Amino acid sequence: MTALSAQGTIVADIQQVSLKYGKTQALKDISLSLPAGCMMGLIGPDGVGKSSLLALLAGAKVVQQGRLMVLGGDIADAKHRRKVCPHIAYMPQGLGKNLSKTLSVEENLQFVARLFGHNAAESRKRIDALTKSTGLYEFLDRPAGKLSGGMKQKLGLCCSLIHDPDFLILDEPTTGVDPLARAQFWELIRRIRSVRPQMSVIVATAYMDEAQGFDWLAMMDAGSILQTGTPQELLAQTDSHSLEEAYIKLLPEEKKQGYEPVVIPPLADDGSDGYALEAQNLTVKFGDFTAVDHVNFQIRRGEIFGFLGSNGCGKSTTMKVLTGLLEASEGQAWLFGQSVQGSDIATRRRVGYMSQSFSLYSELTIIQNLVLHAKLFHVPAEQIASRVQEMLQRFDLMGLKDKLPDDLPLGIRQRLSLAVALVHNPEILILDEPTSGVDPIARDKFWHYLITLSRQDGVTIFISTHFMNEAERCDRMSLMHAGRVLDSAAPAKLMQNRQAETLEQAFIGYLLDAGAGSQAAAEEQEENSSADHPPVKTQQRKSSRFSLQRLLSYAWRESLELARDPIRATMALVGSIILLFVMGYGITMDVDGLTFAVLDRDQTGLSQNYNMSIAGSPYFVEKAPLQSYDDLDQRMRSGDIALAIEIPPGFARDVARGENVKIGAWIDGAMPQRAETVQGYVQGIHAHWLMQQALEQSGYKISSTVNVETRFRYNPDIKSLPAMAPALFPLLILLIPAMLTALSVVREKELGSIVNLYVTPVTRSEFLIGKQIPYVVLAMLNYVLMCLIIVLMFDVPIKGSFLTLTLASFLFIIFSTGTGLLASALTKSQIASMFLVMLGTLIPVMQFAGIINPVSSLEGFGRLFGGIYPATHMVNISRGVFNKALGFQDLHQSLWVILLSVPVIMCAAILALKKQES
């Protein structure tokens, strides 16, 4: 044992620990001492608190109540967590959840090795030793996302063992993998422990057969400990023949009430020659990947037919083809002799389908879900009430009919799913892993329902499962691997064919014949040579408060992931460029090309002269004359004209008499700013026309001794593009980098790989800055490209200091990516982070940064916020450099504001990000 774990005979001491998720009590006052140097197991179905307890032991979750001592210290203490972090390894629940799917096996291992401070030579030795012992050595270049379930779990284990931990925590590491991969996984653990017997291992599992091989067990239910001891002690205490039987006996009496063991009556032969379900050479391809490869089977009416295989072997895909949800690439399937067609609703009504995950409407009550699905399957209206009532009674849901699904335990939700699948009285029931995660009593009760449906109602049942004891209950079954059916027969016949004592041993034999065990020889050789080549062991190092290697490791990983994600890479490279073109040419303050028409009620030469004065303006384009007020109203409503001029009757006569004449000007006021500009144009043209008329009638030119000579600086032609392009450029280097950075961090939360932050020595600042660096580099590249486009294509020259603009842009990009980091630290989903970034960047910039209206024209809070908002100063710098030929001396105050905003936003992001899950 290390000095840390040699304090006594326990590796962790748990005293009165409780944990809540909102109103849900995950752990209830648990007190438990975990023995050191042995293989421990937490046993129980999903939802009993196993994962929560393991996450607390690893330091990944905050200890809400109680005291938890791990490796000689309080895990709630941040200093102790930093101290023992290099001595603990945590492998979370889920296939490869702590892995990056786009990185290769080699790259994933290199990344984790760097987080634990290994240099290149040390990392190489450890990676070679671990991958050779697990059979992954020849797959070093394969992306983790393309590994099988078993190989992903082996890679996850290698990542956990890269730093030689003293306490290994495994959360359901073999869920969803085939029996061979599961056996190889535990053999690997056994070999590692034979080399490092001082290592303590704790495992959460729902497989009772796995737990039989552990040294010490704790059985859990509803957040509490039922009993602890060795497997033999638990069997002896409960007088049981198996751990599953022992677990059932240890459950509270109220949960065991009415429990009966499952007994499968033989299937009666009805003498029918027809099949309820058939598949011939069924093949499904997704691009180059073959998910289902020439599958054949025949299922009799009333038969319980099982599909046994690992996650990703093609079970769910086959079931979707049989229900018409997915079209086969090759081959054919029949339901009751009718070819399966997705458009054939009549045949599909004869099938009930229960998907792998709970897929009912959580906003609807139990009875509302049942009524809805009855209507969806066109159950006659007069029969819906009776069918729903029958389902409620049959599946013991009557007292819960007004409850929402989210308020129900997992076992009851599964019964509800079964009731919904049967509400339209189908003849075939297809169940995709219906009992995954439920407790043994709920699982057996579920099987009682299936037996009644099969034997009494004659419903054909096609069920997929991971559990061997469930598979043994089927009348016949198919063993599936890598999209192929290895064999189909009764479970006893399959065991007889392989001369195996258990169904699991038979399945492993089939898998080996199919090539799944091609690494067995290599592993055996590695086992024989493990004494000569033990895992590399170096002196454990302390975790430093800041490590440039860890920071750069995250930057390296993020760069690789970004380069291999075509959508994010494209958005990062050309997103700003596309928006620059769209907004540069689309957002314009220029008011020209305005359409107008005249309602001339005078029809004289003077009225036509007035019309020509407007038509001759470069700001207006004349349309066909108006005929009436209705015509005016219709054309202005449709947007055909923006201005209508009404010349009254007797216009020329009244002008000649010197009488007061009113000309009507109807302006489209839907856009007030443009309407005011049009009004100014019309008034100016009218004044000019009056001067022309006065000159023609009197012969004298009206003039003044005082004239205003207007000169426009910085933008002599008063065009929008030279003004808007420099202003849009800061908006784009704020919006796009912030969005990308926010997505990069919150994706880790959604995928679960954020656990690497929780349980490795990496600090929050190293994590965030490392994730930030690639986006800062890409944003600077975009900055250069946008400058080239503004200068060369928009014809807006850089008149001032380009170095000042570059420095300001660099600092502002750090601020913008820091804004994205803050948004991702405050949210848990990509949608929420995107919304927060849009809300925190686009709206403030457009309203308060002076892009359209000067900040000096704002009042109150808007004026105050605009004065301190970094984007305001970036807009000023950009316009100053592009339009006003300003340099550092003129812009240094704005630069200081941006510089000061960088540590503020970064500190806020670091403080908002939690090192533990709450």
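The values are calculated or read from the model by the stated rules, or taken from the named source; none is laboratory data. Bear in mind that the values here come from a model prediction, so they are computed numbers and not experimental data. Neighbour counts run over all protein chains shown; Cβ positions are idealised from the backbone, glycine included.
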(request) State which residue is surrounded by the most Cβ atoms within 10 Å (Cβ to Cβ) when the search covers only segment 295-329 and only residues that are in a loop (DSSP other than H, G, I, E, B) and of a type in the set (Ser, Thr, Tyr). (result) SER310
(message) If I ask for residues that are in contact (Cβ under 8 Å) with a residue 12 or more places away in the chain and under 33 Å from the mean Cα position of the chain (by Cα), which ones from segment 283-294 would you list?
(response) THR283, VAL284, LYS285, THR290, ALA291, VAL292, ASP293
(request) Please go through segment 304-332 and pick out each residue that is at pLDDT 85 or above and not acidic (Asp, Glu). (result) ILE304, PHE305, GLY306, ALA328, SER329, GLY331, GLN332
(request) For ARG863, state whether it is within 15 Å of ILE733 (Cβ to Cβ), modelled with pLDDT under 90 and charged (D, E, K, R). (result) no
(request) For ALA218, indicate whether it is part of a strand (DSSP E or B) and touching a residue at least 40 places away in the same chain (Cβ under 8 Å). (result) yes
(request) Output the number of residues of segment 816-836 satisfying the condition of being closer than 25 Å to ILE898 by Cα and out of contact with any helix residue (DSSP H, G or I) (no Cβ under 7 Å at 6 or more places or on another chain). (result) 1
(message) Contact list please: Cβ distance under 6 Å, first residue in segment 873-892 and on the phi > 0 side of the Ramachandran plot, second residue of a type in the set (D, E, K, R), pairs at least six apart or on different chains.
(response) ALA885/LYS799
(request) Quick one: VAL388 ticks every box in (1) assigned to a helix (DSSP H, G or I); (2) within 21 Å of ALA471 (Cβ to Cβ) except a single one, so which number is it? (result) (2)
(message) Residue under question is GLN383, and the condition is that it be within 36 Å of the chain's Cα centre (by Cα), at pLDDT 85 or above and assigned to a helix (DSSP H, G or I); does it hold?
(response) no
(message) If I filter segment 828-845 for residues that are assigned to a helix (DSSP H, G or I), basic (Lys, Arg) and surrounded by fewer than 16 Cβ atoms within 10 Å (Cβ to Cβ), do I get at least one hit?
(response) no
(request) Being in a helix (DSSP H, G or I) and over 21 Å from ASP565 (Cβ atoms) is the filter; apply it to segment 759-782 and report the residue that is modelled with the lowest pLDDT. (result) VAL759
(message) With the requirement that a residue be assigned to a loop (DSSP other than H, G, I, E, B) and aromatic (Phe, Trp, Tyr), what does segment 846-893 give you?
(response) TYR869
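Listed here are the residues, each with its yes/no results for (1) of a type in the set (Asp, Glu); (2) within 21 Å of ASP46 (Cα to Cα); (3) surrounded by 21 or more Cβ atoms within 10 Å (Cβ to Cβ).
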position	(1), (2), (3)
LEU170	no, yes, yes
THR174	no, yes, yes
GLU187	yes, no, no
VAL203	no, yes, yes
ASP209	yes, yes, no
(message) Taking the criterion of being in a helix (DSSP H, G or I), surrounded by fewer than 18 Cβ atoms within 10 Å (Cβ to Cβ) and of a type outside the set (A, V, I, L, M, F, W, C), would at least one residue in segment 255-271 satisfy it?
(response) yes
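Restricting attention to segment 525-543, does a residue exist that is at pLDDT below 80 and among the aliphatic types (A, V, I, L, M)?
Yes, there is a match, as at least one residue in segment 525-543 is at pLDDT below 80 and among the aliphatic types (A, V, I, L, M).
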(request) Please work out if GLU278 is modelled with pLDDT under 85 and not in a loop (DSSP other than H, G, I, E, B). (result) no
(message) So, ALA419, is that one buried (at least 22 other Cβ atoms within 10 Å of the Cβ) and assigned to a helix (DSSP H, G or I) or not?
(response) yes
